[in-house]
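The values are calculated or read from the model by the stated rules, or taken from the named source; none is laboratory data. Not measured: the values here are computed from a predicted model. Cβ placement follows ideal geometry from the backbone for every residue including glycine, while neighbour counts extend to all protein chains displayed. Only protein heavy atoms, including side chains, enter the accessible area calculation; ligands, DNA and RNA are left aside. Shrake-Rupley method; radii C 1.70, N 1.55, O 1.52, S 1.80 Å.
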Amino acid sequence: MLLPFAVFCLFVTINIPCLQSRGKLSYDDKVAPSSLGVNWRQRQYLAQLMVNEGKLDNFQHPSWDETRAYLDKHGNAALPRTLLEGITFDYKMTATEFVKDFGFSLFFGFRQLALMLFFPFIILFARIYKRDFRSPDMFIPLIMLSVMAILSLIVVSYIEPRWFIGIFVPAILFYYMNQRQGKVRQWYLTANYVLVILFAFYGMYGIAKSYLNNHP
């Protein structure tokens with residue numbers, strides 16, 4: 001019972017900014033006024049187009065009215081309406097955003113988990129190299145890789161780091177269990193501890209700097 005409760009508390013903690021600002025687990029209102037005839041997928045796709053053209057900052061969205069105006073100007077077929085259409089609408093853009101979003105996922109995961117993020121992938125590739133496809137060690141690494149790849153593929157706009165809580169917690173547990181079994185080399189353990197400490201100090205520095213800037 002303790003582990004599910006701890007995961008629930010961590011999930012709520014990560015989503016506190018959303019709950020405080022909007023009272024729900026999302027920063028954005030994803031349902032457009034019915035009179036506009038647009039949906040969230042179109043608004044999200046337009047956001048990435050505008051970011052790529054330098055008309056919008058990263059991690060921002062155009063308004064519902066701007067989305068409607070874009071369709072009025074370019075036609076109702078100018079933006080994909082469904083998930084599948086979003087993937088197949090522009091294959092070059094889909095591939096570009098996949099690489100970018102997957103790279104962001106790895107970067108963010110590294111900032112949060114340090115070398116614990118990469119350990120499951122090391123195990124996965126080691127099992128594949130040895131053709132040990134039935135090993136239970138492959139389950140969590142495969143789930144992690146699949147979730148990160150799917151999110152990077154279907155989300156043409158930006159990825160929210162809090163979406164990865166469902167795979168980062170298992171990654172930490174996977175690392176911990178292998179560490180207890182003596183499967184993690186000492187140099188890897190040491191390097192991970194050093195990185196975790198450095199990231200912690202960097203985070204505290206960022207919080208202190210932000211506080212001082214806002215309270216001169």
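Which entry in (1) 53, 32, 28; (2) 62, 55, 36; (3) 63, 41, 27 matches Cα extents along the principal axes in Å derived from the coordinates of this structure? Matching entry in (1) 53, 32, 28; (2) 62, 55, 36; (3) 63, 41, 27: (2). Between the range 140-171 and the range 58-112, what is the separation of their alpha carbon centroids in Å? The distance from the Cα centre of the range 140-171 to that of the range 58-112 comes to 17 Å. Extension gain, Asp90 to Glu66: 0.36 nm times the residue separation minus the Cα-Cα distance gives 6.5 nm.
Residues in the chain average 63 Å² of solvent-accessible surface per residue, probe 1.4 Å, ligands and nucleic acids excluded. Measuring between alpha carbons in the structure, the pairs from Lys92/Lys130; Lys55/Lys92; Lys30/Lys100; Lys30/Lys55; Lys30/Lys92 lying more than 28 angstrom apart are Lys92/Lys130. Most tightly packed first, judged by the mean number of other beta-carbon atoms within 10 Å of their residues, the peptides 75-86, 144-155 read 144-155, 75-86. Note on the chain: with neighbouring protein chains present and a 1.4 Å probe, carbon and sulfur make up 66 percent of its accessible heavy-atom surface.
Put simply, when 157-166, 202-211, 176-185 are sorted by average Cβ atoms within 10 angstrom per residue, most first, you get 157-166, 176-185, 202-211. Taking R0 as 30 Å, what FRET efficiency do you get between Tyr193 and Phe59 from their Cβ-Cβ distance, rounded to the nearest 0.05? Rounded to the nearest 0.05, the efficiency is 0.45. Each of Ile122 and Lys209 was given a label point 7 Å from its Cα along the Cα-to-Cβ line. The distance between the two points is 3.0 nm.
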